[in-house]
Structure formats: structure tokens, C-alpha cells
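Written out below as C-alpha cells is the structure these notes cover.
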Amino acid sequence: MGQRMKPFIILFLNLLLCQSILAPPPPVDYGDSELSLKDVEQLLELYDYEDGLTIDEPQVEIGTLSPIRHKAAIPEPEHTNIFSAEHELPPQKPLPRLPLPPDALGPQTQRGLPTCLLCTCLITTVYCDDLKLEYVPPLPKNTTHFYGRYNKIKRINKNDFANLNKLKKIDVTASQIAEVDEDAFRELPHLEELVIRENQLRQLPELPSTMTLIDASDNKLGRTAIKNEAFKDMDNLQYLYLADNKLDHIPVPLPHSLRALHLQNNNIQEMHEDTFCNSKDMSYIRKGLEDIRLDGNPINLSKTPNAYMCLLRLPTGRLI
Ligand SMILES: *[C@@H]1O[C@H](CO)[C@@H](O)[C@H](O)[C@H]1NC(C)=O
Ligand SMILES: *[C@@H]1O[C@H](CO)[C@@H](O)[C@H](O)[C@H]1NC(C)=O
């Protein structure tokens with residue numbers, strides 16, 4: 001009985017898959033409607049070994065996958081990476097080649113591979129480290145964290161991160177980036193962390209006000225690299241790392257939320273009395289900011305003794 005049913009089931013599953021491909025894709029995640037090879041295997045095994053199981057009506061509704069799973073009492077499959085699913089297939093039991101739902105492995109890259117085969121996708125984090133990439137690969141819509149460290153990206157374009165409305169963190173450390181389109185990050189509604197250290201940047205791109213951490217250390221940021229008042233509206237900014245650049249001033253105003261400001265090894269020569277404090281409001285105390293690095297700059301911190309009145313800890317740097 002089980003053997004006789006098998007071709008029928010395969011045909012039936014193919015039908016289902018075709019239907020799910022023709023149907024418009026669900027808005028965000030394919031998690032529930034995805035039918036992996038593993039599911040098919042499980043289903044076939046069930047018919048092979050459980051002889052008591054019968055299907056009364058051959059014309060089972062071809063609507064959704066859930067009623068069948070229900071009937072056959074197959075537990076919802078855990079979300080498995082397609083890599084492991086492939087590796088777990090027993091070699092002696094060939095299975096029909098079934099089409100996967102579109103985009104199951106992310107969008108196609110220029111190398112003819114979907115992003116999640118070229119890179120590694122774990123839940124909503126995409127790791128593309130050290131792949132000699134010359135571009136940011138097209139990322140799945142659900143990406144929250146993107147790691148593209150140690151590549152040869154050179155330029156970040158306006159569309160590279162467009163519409164990735166869940167993106168929280170971008171880390172493109174040491175990827176030879178010299179240019180970033182002005183609009184590349186500005187519209188990302190949930191971006192919190194940008195790590196773009198050890199690149200060749202001459203201009204800091206505009207960033208959304210949701211930022212908590214910006215690390216653009218070890219770049220080529222000079223006199224005009226940072227827009228006026230660039231950090232003013234970032235009410236959650238806590239870590240601003242701009243060490244090892246060619247900055248000649250401290251970017252003001254600094255948000256009250258700031259906890260660490262690293263500006264060591266730049267070209268800063270002077271500081272205003274109100275850089276950290278407020279000379280008009282002597283009661284203002286900047287409690288959070290306890291880690292200011294100004295060492296390695298041609299500045300004599302002793303010249304502006306009033307600039308540190310509101311701080312709990314003096315900046316690190318030359319005081320004599
Ligand atoms: C995110 O999208 C990718 C590619 O479309 C998919 O393989 C993955 O299962 C999705 N992750 C979640 C948690 O939905
Ligand atoms: C630094 O400034 C203080 C106070 O103005 C001054 O006494 C000191 O000589 C300066 N040091 C150097 C190396 O210029």
C-alpha cells in the first residue's frame with residue numbers, strides 16, 4: 001500500500017509546490033509555508049512505515065499545507081538551515097528534485113548564487129565575511145544584522161541597503177570602502193549600529209537618528225568629513241568612535257546620551273568651552289560620558305579648564 005501511494009504523493013506534493021510558487025509571495029517570511037526536502041522525506045517515510053494510515057478521499061483540498069500536516073500528524077518542522085537539510089539526506093534514497101519556494105535562499109547575487117549560499121544566513125543575520133566581495137550582496141528583506149568584514153567592497157551604493165526596514169546593524173570593517181552614497185543609510189528606520197572602521201572613507205555618510213553606536217575609526221576623515229551638527233538629533237547615541245582619522249575639531253553638539261567618545265590620534269588643536277558643558281547652565285552635569293580619548297592630538301587640554309566642569313572624569317590627553 002505504502003509503495004503504491006508513493007508516486008501519487010510525489011505528484012501531489014509537486015502540485016502543491018507549483019501552486020505555492022504561482023501564488024503571490026507572502027509579505028515577509030516564508031517560515032510557515034516553506035516545504036523543504038526534509039518535510040517531503042518525512043512524509044514519504046510516514047507512508048512507507050505506517051501501514052494503518054489511509055487517505056479516504058484522494059482529492060484532498062489543495063489549499064494550504066497545514067491540513068495535510070495535520071492529517072498525517074507530522075510535527076511542524078523546526079526552522080532548519082538549507083545547508084544542513086541537504087547534508088542530512090541519506091545518499092542511497094534519491095528524492096525527486098522539487099522546486100524550492102522563491103527566495104528561500106535569499107535574492108540572487110552577481111555570482112549566480114543566492115545570497116544565503118554565497119554567505120551564511122542564520123535566522124536574520126547574514127555573514128559575508130572574508131569572501132573578497134566587491135559589492136554588497138542583495139540581502140533578504142528580513143535581515144537584521146549584516147556582517148561584510150574583510151572584503152573589497154570599495155563603494156556602498158544608494159540601493160545596497162534600500163528597503164531593509166529591519167536592519168539594525170551593519171559591520172563592514174576593513175573592506176576597502178572609499179565611498180558611501182549620501183543616501184545609503186539615511187532612510188533605514190531601525191539602524192542602530194554602523195561599524196565601518198579600517199576603511200578609506202573621506203566623508204561620513206548621513207545616518208538616521210536611531211543610531212546607538214558609530215565606529216568610523218581608522219579612516220581618512222578630515223576637516224570637512226562630518227556634516228555640521230551630524231550627531232545632534234541622535235538621542236540614543238552612546239558610542240562614537242572616530243579615532244585614527246584626520247579630524248581637526250570635535251564634532252558638536254554631542255548628544256547627552258553619549259558614554260564614549262574616542263578621538264585619539266587625530267589633528268584636533270583646540271576645544272570650545274561648551275564642547276561638553278554648558279557655560280550658561282552651571283548645574284548641567286554630563287553623567288554618562290566617562291570615556292573621552294583625546295590623546296594623540298596636538299591639543300593642550302590645560303588651556304580650557306572650564307570645558308570639563310560638568311564631567312565626572314577628565315578626558316585622556318595632554319594636560320601640560
Ligand atoms: C529570512 O529570509 C531568508 C531568505 O529569504 C530565509 O531563508 C529565512 O528563512 C528567513 N528567516 C526568517 C527567520 O524568516
Ligand atoms: C598648556 O597650557 C597651559 C595653560 O595655558 C600652559 O601653562 C602650558 O605651558 C601649555 N603647555 C604647552 C606645552 O604649550
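The values are calculated or read from the model by the stated rules, or taken from the named source; none is laboratory data. Not measured: the values here are computed from a predicted model. Glycine also receives a Cβ, built like all others from the backbone with ideal geometry; neighbour counts cover every protein chain displayed. Just so you know, the surface numbers come from the protein's heavy atoms only, side chains and all, with ligands and any DNA or RNA stripped out. Shrake-Rupley method; radii C 1.70, N 1.55, O 1.52, S 1.80 Å.
Looking at the structure I just gave you, is Asn245 open to solvent by 10 Å² or more (accessible area, probe 1.4 Å) and without any contact (Cβ under 8 Å) to a residue 24 or more places away in the chain?
Values: open to solvent by 10 Å² or more (accessible area, probe 1.4 Å): yes; without any contact (Cβ under 8 Å) to a residue 24 or more places away in the chain: no.
Taking the combined requirement at face value, the residue does not satisfy it.
In the range 205-229, what residues are over 20 Å from the mean Cα position of the chain (by Cα) and buried (at least 17 other Cβ atoms within 10 Å of the Cβ)?
Of everything in the range 205-229, those that are over 20 Å from the mean Cα position of the chain (by Cα) and buried (at least 17 other Cβ atoms within 10 Å of the Cβ) turn out to be Asp218, Asn219, Leu221, Ala225, Ile226.
Give the residues of the range 280-320 that are open to solvent by 80 Å² or more (accessible area, probe 1.4 Å) and either among the aliphatic types (A, V, I, L, M) or within 16 Å of ligand 1 (Cβ to nearest atom) (or both), sorted by residue number.
Met282, Ile285, Met309, Leu312, Leu314, Ile320
Here is a check on your reading of the model: is Pro102 at pLDDT below 95, within 11 Å of ligand 1 (Cβ to nearest atom) and more than 29 Å from Gln200 (Cα to Cα)? Show your work before the answer.
Numbers: at pLDDT below 95: yes; within 11 Å of ligand 1 (Cβ to nearest atom): yes; more than 29 Å from Gln200 (Cα to Cα): yes.
Yes.
How about the range 273-320: which of its residues are among the small types (Gly, Ala, Ser) and within 12 Å of ligand 2 (Cβ to nearest atom)? Even if it seems obvious, please write down each step before you answer.
Let us first name the residues in the range 273-320 that are among the small types (Gly, Ala, Ser), namely 279, 283, 288, 296, 302, 307, 317.
Matches in the range 273-320: Ser302, Gly317.
Could you list, in sequence order, the residues of the range 145-158 that are open to solvent by 10 Å² or more (accessible area, probe 1.4 Å) and in a loop (DSSP other than H, G, I, E, B)?
Our first condition is that a residue be open to solvent by 10 Å² or more (accessible area, probe 1.4 Å); within the range 145-158, this holds for 145, 147, 149-150, 152, 154-155, 157-158.
Passing the criteria: Arg149, Tyr150, Lys152, Lys154, Asn157, Lys158.
Listed here are the residues, each with its yes/no results for (1) hydrophobic (A, V, I, L, M, F, W, C); (2) open to solvent by less than 50 Å² (accessible area, probe 1.4 Å); (3) not in a loop (DSSP other than H, G, I, E, B).
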residue: Lys132; (1), (2), (3): no, no, no
residue: Pro138; (1), (2), (3): no, yes, no
residue: Asp160; (1), (2), (3): no, yes, no
residue: Ala174; (1), (2), (3): yes, yes, no
residue: Arg186; (1), (2), (3): no, no, no
